[in-house]
Amino acid sequence: MARTRKLFAALTRRGPHRVLCGDLAFAGLPGVVYTPESGLNLPGIAFGHDWLTGVHRYSDLLEHLASWGIVAAAPDTERGLAPSVLNLAFDLGTALDIAAGVRLGPGEISVHPTKLGLVGHGFGGAAAVFAAAGMPDKPKAVAAIFPTVTKPPAEQPAATLKVPGVVFSAPGDEKTLQSNAIQLSQVWGSATLRVISKAKARGLVEGRSLATAFGLGGPHRKTQKAVRALLTGYLLHELGGDKKYREFADPDVQLPKTQALPVDAAPVSPEEKIVALLKP
C-alpha cells in the first residue's frame, strides 16, 4: 500500500510531458484536444462534459492527462438547457475516431487504435456509457465520474457492457436526486465503484460555470486533485498497459483518498431521496 500511496502522490502532480492543445474543429467537430508534445501509439480518450459546462472548465484535467502521455479529446457540443445524451454520446465516438485516425500535432503524435477509452463527468459520464455501448469496436475502458441521471437512463446500456469500467462517486450520492453512480455500478458487471472521500460531485469543474448559478456547486480543489490521480492511474493501466498502476484498476484494493461504501448505502427510490432532502 505504501507503494500505491507513493504512486498516487506522484499522479496528483503534472506528468513528465510538455502539453500541446489543438482544436477539434479542424475535423468538423467543436471541441479541443490535448496531447503530449510527442509520442506514437499513445493511449487516447474522449471526454464528455457535464450539463451546462463547456470543455474549457476541464482544461486542467485534460492537460493533466496529456502530461502523463494520454491524448484527450473533448467535444464542446450539447451545452444547452436540454441537451441530448445520445447526441453527446455520438460526438464522443466521433472525437475518439478523430484522435485515433488523424496524425496529431506536427506529425509526431499518434494514438493506438486498441488503446482507446471513454471518460465523462456527470451528464457526460452517462454519455460515455451510451457511447461505449453503441460502438461496434468497443473501447478498452470507460470511466464515469460522478454520473447523473439522464433520459433515457444510462443503466440500460450499462447492463450490456462487458468492457472494464470505473464509476467515481461522492459520499452521500446514493441519497441525491441527480446521482445514479451506485445504480450504474450495480448493473455494469465489469465496473468498479470508487467512493472518493470528502469529494463534491460538481467540484471537478474548474472556475465558475453557468451551472453554478443554478446552485449546483462550484470547484473543489481536493476533489479535482483526487480525481486526477485516480483517473490517470486507472487509464495508464487499462489503456496503456502499465503494470505499475495495476492496483488503480483492482476492485479489491482500497486506493488513497477513497472509502468503502457504507453497508446501508443501497440506492434509494426517488421518493425516498426527496424525503431525505426535506429532513432538517
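Looking at Arg208, Arg246, can you tell me which residue is charged (D, E, K, R) and modelled with pLDDT under 85?
Arg208
Look at Thr35 and say whether it is of a type in the set (S, T, N, Q) and surrounded by fewer than 24 Cβ atoms within 10 Å (Cβ to Cβ).
no
One line per residue, one yes/no per condition, for (1) of a type in the set (Phe, Trp, Tyr); (2) without any contact (Cβ under 8 Å) to a residue 24 or more places away in the chain; (3) in contact with a Leu (Cβ under 9 Å, 6 or more places away or on another chain); (4) buried (at least 20 other Cβ atoms within 10 Å of the Cβ):
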residue: Leu11; (1), (2), (3), (4): no, no, yes, yes
residue: Gly48; (1), (2), (3), (4): no, no, yes, yes
residue: His56; (1), (2), (3), (4): no, no, no, no
residue: Leu62; (1), (2), (3), (4): no, no, no, yes
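Tell me which residues, restricted to the stretch 116-139, are assigned to a loop (DSSP other than H, G, I, E, B) and surrounded by fewer than 20 Cβ atoms within 10 Å (Cβ to Cβ). Lay out the reasoning, then the answer.
Keep residues of the stretch 116-139 that are assigned to a loop (DSSP other than H, G, I, E, B), which gives 122, 135-139.
Scanning the stretch 116-139 gives Met135, Pro136, Asp137, Lys138.
With the condition kept exactly as written, say whether any residue in the stretch 180-202 is open to solvent by less than 20 Å² (accessible area, probe 1.4 Å), closer than 23 Å to Asp242 by Cα and of a type in the set (Lys, Arg).
Yes: the stretch 180-202 contains one or more residues that are open to solvent by less than 20 Å² (accessible area, probe 1.4 Å), closer than 23 Å to Asp242 by Cα and of a type in the set (Lys, Arg).
Right, Leu231: more than 13 Å from Ala144 (Cα to Cα), modelled with pLDDT of 95 or more and aliphatic (A, V, I, L, M) or not?
Answer is no for this residue.
Scan the stretch 21-71 for residues that are under 20 Å from Val205 (Cα atoms), in a helix (DSSP H, G or I) and not small (Gly, Ala, Ser) and report the count.
10
Residue by residue through the stretch 90-130, note down the ones that are aliphatic (A, V, I, L, M), more than 18 Å from Ser185 (Cβ to Cβ), at pLDDT 95 or above and touching an Asp or Glu at 6+ places or on another chain (Cβ under 9 Å).
Matches in the stretch 90-130: Leu116 only.
Which residue pairs have Cβ atoms under 7 Å apart, sit 6 or more places apart or on different chains, and have a first residue in the stretch 158-178 that is surrounded by 20 or more Cβ atoms within 10 Å (Cβ to Cβ) and a second that is basic (Lys, Arg) and part of a loop (DSSP other than H, G, I, E, B)?
Ala170/Lys200
Those residues that are hydrophobic (A, V, I, L, M, F, W, C) and either surrounded by fewer than 18 Cβ atoms within 10 Å (Cβ to Cβ) or not in a helix (DSSP H, G or I) (or both), I need them from the stretch 96-115; list them, please.
Val102, Leu104, Ile109, Val111
What tally of residues in the stretch 17-33 results from selecting those that are out of contact with any Gly (no Cβ under 8 Å at 6 or more places or on another chain) and either without any contact (Cβ under 8 Å) to a residue 60 or more places away in the chain or of a type in the set (A, V, I, L, M, F, W, C) (or both)?
8
The values are calculated or read from the model by the stated rules, or taken from the named source; none is laboratory data. Computed from a predicted model, the values in this text were never measured in an experiment. Cβ sites come from the backbone with ideal geometry, for glycine too, and all protein chains shown count toward neighbours. In case anyone asks, the SASA skips ligands and DNA or RNA and just uses the protein heavy atoms, side chains included. Shrake-Rupley method; radii C 1.70, N 1.55, O 1.52, S 1.80 Å.
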